[in-house]
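Participant: Could you have a look at this structure, given as structure tokens, before my questions?
The values are calculated or read from the model by the stated rules, or taken from the named source; none is laboratory data. The shown structure was predicted, so the numbers you read here are calculated from the model rather than taken from an experiment. Virtual Cβ from ideal backbone geometry, glycine too; neighbours counted across all protein chains shown. Keep in mind that these areas ignore ligands, DNA and RNA; they rest on the heavy atoms of the full protein, side chains included. Shrake-Rupley method; radii C 1.70, N 1.55, O 1.52, S 1.80 Å.
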Amino acid sequence: MARNRIQFQKGLSFREFNALYSTEEQCEAALEKMRWPDGFRCPRCDSQEYGLVHGRRHKRYQCRKCRHQATVTAGTVMEATKLPLTLWFLAFYLIGHAKNGISSLELSRHLGVTCNTAWLLHSKIMRSMSEREDAYVLRGRVQLDDAYLGGERPGGKAGRGSENKVPIVTAVSLNVAGKPIHTKNLPVRAFTSEEIGRWAQSCLGKGCAVLSDGLACFRSVIEAGCEHTVIVTGGRHPNDLPELRWINIVQSNLKTSLSGTFHAFNFEKYSKRYLGAFSFRFNRRFNLEKMTDRLLNAACCCGPRPERFLRQAELAA
Ligand SMILES: [Zn+2]
């Protein structure tokens, strides 16, 4: 049997990671290069003339024109962090390389920080991953499916209206050879035409050829400028439909990843960031070697996300 080229790719070994990012200076230089590949630019006036002030932890850039002072982390999700950059980089590495994600508890053990610190770090990084995913739409051939995440809490109600159960839409785009390329996984408020219409507007490019097993609300992808083909199940279980093979595989990977790694989290509040982190890793699975860089980039593109913000419930797509 041919080796799976995704599973057997090289990746970045822990030794290689260590050689690249084990000191504060190395991490600071990598961050500087990621944010300002052509040299520092003042975030206030765009001037490239600056002087350096050596702060207590990291160097500060002072703009010669407007006197504004900036650090490498200012304006990113790492802004005002008290943690060393080496710890952030190690977290990028661990989160990016764990096939099924990593729990905050496990992260706290690897990093030697408290559970609360690890939760916050993890939430900030997952949030930056999910915001990065929000920027992309799926194009071409797309398979769609509905699912529920989570289930009953001990002592809670059972069934569809149960607490901590979140409706989600999973989608995967395929290339001309019929192989999966990108995925999008997002919570929705409900499986209604209006809600799916809104989802399609923000998640699908115009002219997508959508395939689904025919849940009525999926018809509203047509209003977002897509074609829609329904696969007639003909009494077969949706998981047995060869036409929808890839969406079934992605959905089952997602469920394995969430249930195996996280056991329980507050699905109602936080599902969006967990789904975003899963999608982020899936969509970059062809280049594991660059995963740490991609997470660093996501952290730089996302603005500061303080704890009080991260503790609020995330709205559905
Ligand atoms: Zn300036």
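Participant: Excluding same-chain pairs closer than 8 in sequence, count the lysine pairs in the range 205-317 whose Cα atoms lie under 26 Å apart.
Facilitator: On the way: Lys206/Lys272; Lys255/Lys269; Lys255/Lys272; Lys255/Lys290; Lys272/Lys290.
Going through the range 205-317 pair by pair, I get 5.
Participant: Sticking with this structure for a sec: For the chain, what is the accessible area per residue in Å² when the probe is 1.4 Å?
Facilitator: Details: 16200 Å² over 317 residues.
Per residue, the chain has an accessible area of 51 Å².
Participant: Using DSSP, restrict attention to beta bridges with both residues in the chain and report what percent are antiparallel, rounded to the nearest 5.
Facilitator: Among the beta bridges of the chain, antiparallel pairing accounts for roughly 75 percent.
Participant: Using only alpha carbon pairs under 8 Å that are at least six residues apart, calculate the relative contact order of the range 5-109 and give it in whole percent.
Facilitator: 20 percent
Participant: Here is a follow-up. For Glu268 and Val176, calculate 0.36 nm times their separation in residues minus their Cα-Cα distance, and state this gained length in nm to one decimal.
Facilitator: On the way: separation 92, 0.36 × 92 = 33.12 nm, distance 3.63 nm.
Answer, rounded to one decimal: 29.5 nm.
Participant: Any chance you could run the full-extension gain for His110 through Val53? It's 0.36 nm times the residue separation minus the Cα-Cα distance, nm to one decimal.
Facilitator: On the way: separation 57, 0.36 × 57 = 20.52 nm, distance 3.32 nm.
That works out to 17.2 nm of additional length.
Participant: Just to be sure I understand the model, the point goes 7 Å from the Cα along the line to the Cβ. What's the resulting Thr23 to Lys255 distance in nm?
Facilitator: Distance between label points: 5.0 nm.
Participant: For the pair Asp134 and Asp38, how long in nm is the line joining their label points, each one 7 Å along Cα→Cβ?
Facilitator: Label at Asp134, label at Asp38, 2.9 nm between them.
Participant: Heads up, I need the accessible area for Ser202: 1.4 angstrom probe, whole protein in place, Å², nearest 10.
Facilitator: 60 Å²
Participant: Another one. How large a share of the accessible area of the chain, in percent, is made up of carbon and sulfur atoms when the probe is 1.4 Å and the other protein chains stay in place? Each step should come with its number before you reach the end.
Facilitator: On the way: 8260 of 16200 Å².
Of all accessible area on the chain, carbon and sulfur atoms account for 51 percent.
Participant: List the lysines whose alpha-carbon lies under 18 Å from that of Lys82, not counting same-chain residues fewer than 8 positions away?
Facilitator: Filter leaves Lys59, Lys124.
Participant: OK, next. Considering all alpha-carbon pairs of the chain, what whole percent are spaced by more than 26 angstrom?
Facilitator: Roughly 52 percent, once rounded to a whole number.
Participant: Considering the chain as a Gaussian network with a 10 Å cut-off on Cα pairs, which listed residue, Gly214, Gly39, Gly140, attains the greatest mean-square fluctuation?
Facilitator: Gly39
Participant: Round to the nearest 0.05 the FRET efficiency obtained for Cys45 and Phe309 when R0 = 41 Å and r is the Cβ-Cβ distance.
Facilitator: Efficiency, from the Cβ-Cβ distance: 0.90.
Participant: Send over the Kirkwood Rh of the range 161-298, from the inverse of the averaged 1/r over different Cα pairs, rounded to one decimal Å.
Facilitator: 16.3 Å
Participant: Measuring from label point to label point, each 7 Å out along Cα→Cβ, what is the Phe191 to Gln62 span in nm?
Facilitator: 6.2 nm
Participant: How much accessible area does Lys255 have with a 1.4 Å probe, in Å² rounded to the nearest 10?
Facilitator: It works out to around 90 Å².
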